[in-house]
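K.L.:
Could you have a look at this structure, given as structure tokens, before my questions?
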Amino acid sequence: MRDIIESLSRALFLILNLDGELRDIILLSLRVSGSALLVASAAGLPVAVIMAFGRFPLRGLFVNILNTFMGLPPVVVGLFAYLLLSRSGPLGFLALLYTPTAMIIAQAILALPIVASLSHSALVSVDPIITQAATTLGATPFQVSMAVIREARYGIMSGIMAAFGRVMAEVGAILIVGGNIAGYTRVMTTTIALETDRGNFTLALALGIILLALSMMITLVLNGIRKKERVEPQR
Amino acid sequence: MRLSVSHISKAYHGNMVLEDCSWSFDREGVHVLMGPNGSGKSTLLRICSLLEKPDRGGIAFFSGQERLEDDMALKRRMTLVLPQVGIFNSSVFDNAAFGLRIRGMARREVERRCSEMLSLARLADKRFQRAVTLSSGEKQRLGIARALVIEPEMLFLDEPTASIDEANTRIIEEIILEKRHGMSIIMTTHDRAQAERLADQLLALRNGRIAGED
């Protein structure tokens, strides 16, 4: 028990002093996960819009596949990305394995179905009366779609934040494709795993506290978004 | 603008709602359609406002003697206010401005028209409020203001006062009476007294047809 308290107090000291190594790890984590989220949003939102407004065969099947992919195991994504990026893989010539870019690709694959699926849900749950109201006011089909997207904005933002929470906390995929190289591809979650193995709980605990604080911030933002989304009852 | 309804029929799931319905709306002013529930009043308005197509027959719009093409330009000369208005989750002003912004109108003109119409609908003091937090009656008033800012030549109102209180009903009736000149307003209502207060032409819909002036 005394060891835990001692490690905890040292961890707090590290956080308060914003230790250089700690800071670099946090910044790399935010850069990798933030970039992955940007890529996933740029690709996932159009997918959600096509699924919501498009009329094409097997659309229901595609939606089901998208929903299933929300629960992709990170290690499987890591393995898939590794096979793609390894020297003998189809993208091996890019020499991206064990780089932050490889980690971004793996996390983007993880985040994309979450962004697309939750955004799709938000879009299809917009009251059809909104579509009719926009149409009767003279909106073109494109303007109607934009009005629906605007109505679903809080749901879409919730999806993006949920995806951010998922990629920030994952370890399996980035460990496989990033290699956990100190000062280069070592992020918060992989550092916690490594330092715990080594018995160096101080850094692991410091990063754990920061990760928890980030999760809490994401939850607060999500709650704020949901509060805005909620429609007050009619008087 | 003149609207001619020719022999239209419409059925939902085998249930005939409109059957060989014809009429010509060729005067400005308020045309009030009355009829029992399920008589096809809303369906007729949805077809006339080009939101739905009839199963048989057709409608045509005329400007003078010229028949107008069924295109976006025609759709933008009219609007329908639905019973559940369909309020956007944005401010009262942004709701009012929607129809003008999608037409690419200049900001100053948007501001002028919306301010004027929100004042008429007695919503000027709520212009920055989130529209979804308005009461049912205020939402209905906003729906009508949002339709009127685009200055339609033909305005369809489907049961505009069906589920609101007397005070809001009075405001909406005042708006309709003030705006009746220079446009055709075709509205449905259950309220006989209201119909008589507002109508320049009172019509009855029976057995899926406009049975003539009531």
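The numbers here are math on the coordinates, done by the rules we state, and not lab data. Bear in mind that the values here come from a model prediction, so they are computed numbers and not experimental data. Here Cβ is always computed from backbone atoms with ideal geometry, including for glycine, and neighbour counts include all displayed protein chains.
K.L.:
For peptide A:134-147, compute the average count of partner chain beta-carbon atoms within 10 Å of each residue's beta-carbon. All intermediate terms of the calculation are to be shown ahead of the outcome.
P.N.:
Details: counts 5, 7, 17, 19, 15, 8, 4, 1, 1, 4, 1, 0, 1, 5.
Average neighbour count from other chains, rounded to a whole number: 6.
K.L.:
Quick check on chain A: helices-only [θ] at 222 nm, where DSSP H runs of length 4 and up contribute -39,500 (n - 2.57) each and the sum goes over total residues. Nearest 500, please.
P.N.:
-25500 deg cm²/dmol
K.L.:
Here's something else I'd like to know. Say the cut-off is 23 Å between C-alpha atoms; which of B:K53/B:K179; B:K10/B:K41; A:K228/B:K126 go over it? Could you put the intermediate results ahead of the total?
P.N.:
Working: B:K53/B:K179 28 Å; B:K10/B:K41 12 Å; A:K228/B:K126 18 Å.
Cα-Cα > 23 Å for B:K53/B:K179; rest within.
K.L.:
How high is the relative contact order of segment A:2-229, given as a whole-number percent (alpha carbon pairs under 8 Å, six or more residues apart)? Before the final figure, lay out each step's value.
P.N.:
Numbers: 281 pairs, mean separation 66.0, N = 228.
Once divided by the residue count of segment A:2-229, the mean separation gives 29 percent.
K.L.:
Identify all aspartates and glutamates with a Cα-Cα distance to A:K227 below 20 Å; exclude those on the same chain that are fewer than 8 residues away in sequence.
P.N.:
A:D127, A:E151
K.L.:
Let me ask another. Be a star and scan segment A:204-228 for residues whose amide nitrogen sits under 14 Å from the point 7 Å along the Cα-to-Cβ vector of A:F13.
P.N.:
A:206
K.L.:
In deg cm²/dmol and to the nearest 500, what is the mean residue ellipticity at 222 nm of chain B if only DSSP H runs of at least 4 residues count, each as -39500 (n - 2.57), divided by the residue total? Kindly include the intermediate steps, with their values, before the conclusion.
P.N.:
On the way: 7 runs with 70 residues, N = 214.
For chain B, the value works out to -9500 deg cm²/dmol.
K.L.:
If you place +1 on the Cβ of every Lys and Arg, -1 on the Cβ of every Asp and Glu, and leave all else neutral, what size is the dipole of the protein assembly as shown about its Cα centre, to the nearest 20 Debye? Let's see the in-between values first.
P.N.:
Values: 48 positive and 42 negative charges, 112 e Å.
For this selection, approximately 540 debye.
K.L.:
In sequence order, what are the phi-derived ³J(HN,Hα) couplings for segment A:8-18 according to the Karplus relation 6.51 cos²θ - 1.76 cosθ + 1.60 with θ = phi - 60°, rounded to whole Hz, with x for glycine and proline?
P.N.:
5, 5, 5, 4, 4, 4, 4, 5, 5, 7, 6
K.L.:
Right, next: Can you list the residues, at least 5 places off or on another chain, whose amide H is less than 5 Å from the amide H of A:E170, using H built in the peptide plane?
P.N.:
Amide H neighbours of A:E170: none.
K.L.:
Trypsin sites (Lys or Arg not before Pro) within segment B:1-61: which are DSSP loop residues with at most 13 other Cβ atoms inside 10 Å? The partial results should precede the final answer.
P.N.:
On the way: sites: B:R2, B:K10, B:R27, B:K41, B:R46, B:R56; in loops: B:R27.
Sites meeting the loop and neighbour criteria: B:R27.
K.L.:
Now, a different point. Place a point 7 Å from Cα of A:F142 in the direction of its Cβ. Which residues in segment B:55-86 have their backbone N less than 16 Å from it?
P.N.:
Correct set: B:72-73.
K.L.:
Hey, another quick one. Once a ≥ b ≥ c are taken as the square roots of the eigenvalues of the Cα gyration tensor of chain A, is the result rounded (a/c under 1.5), prolate (a/b larger than b/c) or oblate (a/b not larger than b/c)? If you can, show how the numbers build up before the last one.
P.N.:
Values: a/c = 3.00, a/b = 1.61, b/c = 1.87.
Oblate, since a/c reaches 1.5 and b/c is not below a/b.
K.L.:
While we're looking at this one, here's another question. Amide H of B:I186: which non-local residues (sequence gap of 5 or more, or other chain) have their own amide H closer than 5 Å, using H built in the peptide plane?
P.N.:
Here the answer is B:H31, B:L155, B:F156, B:L157, since their amide H atoms fall under 5 Å of that of B:I186.
K.L.:
How high is the relative contact order of segment B:83-190? Use alpha-carbon pairs under 8 Å, at least six apart in sequence, and give a whole percent. All intermediate terms of the calculation are to be shown ahead of the outcome.
P.N.:
Details: 141 pairs, mean separation 34.1, N = 108.
Once divided by the residue count of segment B:83-190, the mean separation gives 32 percent.
K.L.:
Going by how many other beta carbons lie within 10 Å of each one, how would you line up B:M117, A:M217, B:M105, A:M161, fewest first?
P.N.:
Ascending Cβ contact count within 10 Å gives the list A:M217, B:M105, A:M161, B:M117.
K.L.:
With +1 on the Cβ of every Lys and Arg and -1 on the Cβ of every Asp and Glu, and nothing else charged, how large is the dipole of segment A:2-229 about its Cα centre, in debye rounded to the nearest 20? Working shown, then result.
P.N.:
Working: 15 positive and 11 negative charges, 93 e Å.
Here the size comes out at about 440 debye.
K.L.:
Same structure again: Go through B:198-208, A:102-112 and give me the packing order, highest mean Cβ count within 10 Å leading.
P.N.:
A:102-112, B:198-208
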